1. In the range 192-224, how many are in a loop (DSSP other than H, G, I, E, B) and touching a Cys at 6+ places or on another chain (Cβ under 9 Å)?
2. Just name the residue that is farthest from PHE349 (Cα to Cα) out of those in the range 282-317 that are in a helix (DSSP H, G or I) and touching a helix residue (DSSP H, G or I) at 6+ places or on another chain (Cβ under 7 Å).
3. Quickly run through the range 129-144 and pick out the residues that are away from the ligand (no atom under 11 Å from the Cβ) and in a helix (DSSP H, G or I).
4. With the requirement that a residue be assigned to a loop (DSSP other than H, G, I, E, B), open to solvent by 10 Å² or more (accessible area, probe 1.4 Å) and either within 13 Å of the ligand (Cβ to nearest atom) or in contact with a Pro (Cβ under 9 Å, 6 or more places away or on another chain) (or both), what does the range 166-191 give you?
5. Kindly provide the set of residues from the range 57-70 that are in contact with a strand residue (DSSP E or B) (Cβ under 8 Å, 6 or more places away or on another chain) and either assigned to a helix (DSSP H, G or I) or surrounded by fewer than 17 Cβ atoms within 10 Å (Cβ to Cβ) (or both), ordered by number.
6. Out of the residues in the range 10-56 that are of a type in the set (Ser, Thr, Tyr) and either within 23 Å of the chain's Cα centre (by Cα) or at pLDDT below 95 (or both), which is surrounded by the most Cβ atoms within 10 Å (Cβ to Cβ)?
7. Considering the range 50-70 alone, what residues qualify as being of a type in the set (Gly, Ala, Ser), within 16 Å of the ligand (Cβ to nearest atom) and under 21 Å from ILE128 (Cβ atoms)?
8. May I ask you to verify whether GLU335 is open to solvent by 40 Å² or more (accessible area, probe 1.4 Å), under 30 Å from LEU266 (Cα atoms) and over 25 Å from the mean Cα position of the chain (by Cα)?
Amino acid sequence: MSVPLLDLRAQHTAIRDVVVEKMMKVVDSQLFILGAAVEELEKQVAELSHTKHAIGCANGTDAILLAMRALDIGRGDEVITTPFTFFATAGTIHNVGATPVFVDIDPKTFNISPEAIAKAITPKTKAIIPVDLFGAMAPIEEVQRVAKGLPVIEDAAQTIGASRMIDGVKRMAGEVATIGTFSFFPSKNLGGYGDGGMIVTQDDKIAARLKRLRVHGGATQYFHDEVGYNSRLDALQAAVLSAKLPYLAGWSAKRRANAAFYDKALAGIAGLTTPYIAKENESIYNQYTVRVERRDELQAYLKEKNVGSAIYYPLPLHLQPCFSYLGYKKGSVPEAEKASAQVLSLPIFPELTQAQLDEVAGTVRAFFGK
Ligand SMILES: Cc1ncc(COP(=O)(O)O)c(C=O)c1O
């Protein structure tokens, strides 16, 4: 049996009519950019994330870029982040003119290490960008503690709907950071039918600035207070996402159930470590990522048996050719480098059948002779 890493068609088949009906309302209105459909989604996302504001934008990359612009981050500034993430987290730091400062991760969770952040703060540090990797929130409250008042931008591109207990209260992804950012790239746990992004914040001033920045920096059309961007969420994407949002909690529960199955089925294999989720966290398992010493061999074996898998991420950002100007050497961020050599993500999408789950776990076990 072949098992894809992700099967978007399975989800589409189940919700097609609901989504198409909502899309057709936008088509009939002929209002395609921002407007009522986007406002409806913004309201839904703010509610889900427990935030005062949610501002739609073109994609999750722009969400981070706009967040930094709203905090006046630019030339001469340093922004601390993790190198074990998708490129956009750091590409945007470069693109606002600031310098990415890469610090190491907690090898158990793969998320940024607050202790490493504390050591990297300098008078030039303007913000910190933790990433909620693979579906589990980074320890935002610990990041905030070491940040000592510096703004924290939570890159929650992979993590909408996840939560973490902080001081006895369940906090949502994006809720407690200065600014939280989401991506609706189609393969995400909440994916559009194209690109899309969202920024959340509790801060009125930041929200007003973000609303300007996404439309070329002008609160009034054709009058520009500052130079912004064209980064609007289009209404068709908003309609798709609004239609899908009510299903998100159910999909997340299914992802967690799939993860619980793998955790059990793959327990006790020497040379393989199942994901560690801190007890405070409720992960939405955007990815189910194991650590394997013979990772490349296992991936080749899975491929031969038609089981999908992926490596997120094979080369940490501090070693990317485009960042060679920063001067990081191999070995300078060791846990991130080790993770890049060992991680492998397995199929985790909500619509996996029991037979498919058995196939994935059975194939992995067979590789290890179990
Ligand atoms: C951690 C992280 N940050 C940022 C992004 C960028 O989002 P987008 O592809 O919507 O620009 C992604 C996803 O692609 C991501 O996984």
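1. 2
2. LEU317
3. Scanning the range 129-144 gives ILE140, GLU141, GLU142, VAL143, GLN144.
4. Those that are assigned to a loop (DSSP other than H, G, I, E, B), open to solvent by 10 Å² or more (accessible area, probe 1.4 Å) and either within 13 Å of the ligand (Cβ to nearest atom) or in contact with a Pro (Cβ under 9 Å, 6 or more places away or on another chain) (or both): THR178, PHE185, PRO186, SER187, LYS188.
5. Hits for the range 57-70 are GLY60, THR61, ASP62, ALA63, ILE64, LEU66, ALA67, MET68, ALA70.
6. Here the answer is SER49.
7. GLY60, ALA63, ALA67
8. So GLU335 fails the test.
The values are calculated or read from the model by the stated rules, or taken from the named source; none is laboratory data. What you see is a predicted model, and the numbers here were worked out from it, not measured in a lab. Ideal geometry is used to build each Cβ from the backbone, glycine not excepted, and the neighbour counts take in all protein chains shown. Surface accessibility is based on the protein's heavy atoms, side chains included, excluding ligands, DNA and RNA. Shrake-Rupley method; radii C 1.70, N 1.55, O 1.52, S 1.80 Å.
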